[in-house]
Amino acid sequence: MSRVVVIGGGIAGLTTCYHILQEAREAGKNIDVTLIDKGERPGGNIRTEHIQGFLIEGGPDCFLSEKPWALQLCRRLGLDSSILPTSKPRGKTYVFSRGKLHLLPEGVILMVPTKMIPLLTSSLLTLRGKLRMAIEPFIPKKKGNADESLGEFVTRRLGKEALDKIAEPLVAGVHAGDPDTMSIRSSFPKFVELEEQYGSLVKGMVARMASMKKKTAAGEAKSVKDAAKSATPKGASSGTPSTKPRMTMFVTLKNGLGELVDKLLAEIKDVELLRETSVSDMTETNGGYQVTTDTGRVIDAAVVVVATPAYISAQLVRKIDLELSKKLLTIPYASTATISIGYNKKDIKHPMDGFGFVVPGSEERGIMAASWSSIKWAGRAPDDKILMRCFVGGARRAIS
Ligand SMILES: Cc1cc2nc3c(=O)[nH]c(=O)nc-3n(C[C@H](O)[C@H](O)[C@H](O)COP(=O)(O)OP(=O)(O)OC[C@H]3O[C@@H](n4cnc5c(N)ncnc54)[C@H](O)[C@@H]3O)c2cc1C
């Protein structure tokens, strides 16, 4: 028996099926794979819809290029020409406070100020809040390596106002998390490293940016040299310009992330796909597992891959490993949803010269953040329209 059962057809389950088939093919082996997914269409959180000229993403709309795995997968699948960078390398972010949008001071990277003039002239913070952030390089570094919450860490280094008006809304906008319960070491280990290595986030961030600039300059000089070499008559045939897409911090696909799901589905045609089917029970047998679905089918498998959210996985593995099940239940989840709204461009008075805005929890509004999708990405709305994507829910504004 060499059947593998994959439970959950989100990006994790689909990619697992793809890799199993690829490796089996390379090894000249035949492995039967069954993918079981509860949803009516595979993809899990990924859901791309095309409505009246708008391209709407229900779940994720991009991925980070510096974490290479999603990009590598797209390239393996031959989606190079579909990779879409943001319209600008970096977009301005606004913060909604006291009834209007304030620009996040230029040079604030994730929450760390790297330029003092924009910080001191910002309309977002009070004078006391700005000065507290500005003295961060003089705050002594923490002794010992005990973990702290993100909230404690930011308050200690940059002050309470930086936490409320910058760190909390940025974190809520990205992770939908609560800074008081998120571990700084797990969620932002780079900040801990900066404090340990440089004694200050500001000093560390400035030093790292300078070294990155140097590396980029060296890289550019090298590629100019290489291009010059390849343009010589001997290398004339390889002198065509590179077709590699421009890389930005966030990237997506021209037709939305649904393109990735469609491509994976096309690649795993040999997998038996059970849609709208839930796994209701899983037990260990002699040398394998038995998986039971809510349609009453019982499948024997040599290997089972569980690619469902942790709280579902906890139920599925309960009879096999109670300890693991208990650990999985300790992983907190927050419910979030997106609301996409289309506007006529002419009706919007704001210059929309950024990628969107975040809303501090202290403002007590219904949304956590809004992304100006059609400004951030090409091809998301008809020319005379704007697509805005709002985020609701999150750890501090639970929805059910
Ligand atoms: C609104 C929103 C916006 C996001 N934005 C981004 C972003 O921009 N960039 C980013 O990198 N990440 C983003 N994320 C996170 C990202 O979407 C997830 O990390 C990712 O989609 C998780 O994929 P997965 O395959 O692990 O799980 P899921 O996508 O949750 O898939 C799990 C699958 O398991 C199935 N399932 C559940 N129970 C059973 C069962 N009993 N039997 C069989 N099947 C079952 C479900 O039907 C589902 O298809 C966002 C998430 C949300 C909700």
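Miscellaneous remarks
- Comparing R318, R41, R25 in a Gaussian network model of the chain where C-alpha atoms under 10 Å apart are linked, the largest mean-square fluctuation is found at R25.
- For I331 and R365, the FRET efficiency from 1/(1 + (r/R0)^6), where r spans their Cβ atoms and R0 equals 25 Å, is about 0.35.
- Linear extension gain, D262 paired with K215, 0.36 nm per residue minus alpha-carbon span: 13.2 nm
- Length released on extending from S187 to E49, taking residue separation times 0.36 nm less the Cα-Cα span: 46.6 nm
- Dipole magnitude of the stretch 306-394 about its Cα centre (Cβ charges: Lys, Arg +1; Asp, Glu -1), debye to nearest 20: 180 debye
- Its residue count N fixes a reference of 2.2 N^0.38 Å for the chain, and the Cα radius of gyration divided by that reference is 1.14.
- Dipole of the stretch 1-77, positive end: most advanced residue of A12, L35, A24 [Cβ charges, Cα centre]: A24
- Dipole size of the chain about its Cα centre, with +1 on Lys/Arg Cβ and -1 on Asp/Glu Cβ: approximately 1920 debye, rounded to the nearest 20.
- Positive-end ranking of T336, I46, G99 along the dipole of the chain, with charges on Cβ about the Cα centre, is headed by G99.
- At q = 0.13, 0.14, 0.23 Å⁻¹ the log10 of I(q)/I(0) for the stretch 265-384 amounts to -0.80, -0.83, -1.35, computed by Debye summation with a single uniform scatterer per C-alpha, solvent ignored.
- Across K190/K327; K67/K160; K88/K115; K67/K385; K203/K349, pairs whose alpha-carbon gap is larger than 28 Å: K67/K160; K67/K385; K203/K349
- Per-residue packing, averaged as other Cβ atoms within 10 Å, sorts the ranges 302-311, 134-143 into the order 302-311, 134-143, beginning with the highest.
- Exposed GluC sites (Glu not before Pro) absent: longest stretch of the chain, with sites in DSSP loops and at most 13 other Cβ within 10 Å deemed exposed: 67-275
- Taking the DSSP beta bridges with both ends in the chain, the antiparallel portion is around 70 percent.
- Stokes-Einstein translational diffusion, the stretch 78-117 - Kirkwood Rh over all Cα pairs, 0.692 mPa s, 37 °C, in µm²/s: 257 µm²/s
- Full extension of the chain between R98 and N255 yields a length gain of 52.8 nm, computed as 0.36 nm times the residue separation minus the alpha carbon distance.
- Positive dipole terminus of the chain, leading residue within G393, S2, M247 (C-beta point charges): M247
We did not get these values from a lab; they are worked out from the coordinates using the rules stated. Since this is a predicted model, take the numbers as computed values, not measurements. Cβ coordinates were reconstructed from backbone atoms using ideal geometry, including for glycine residues, and neighbour counts include every protein chain displayed.
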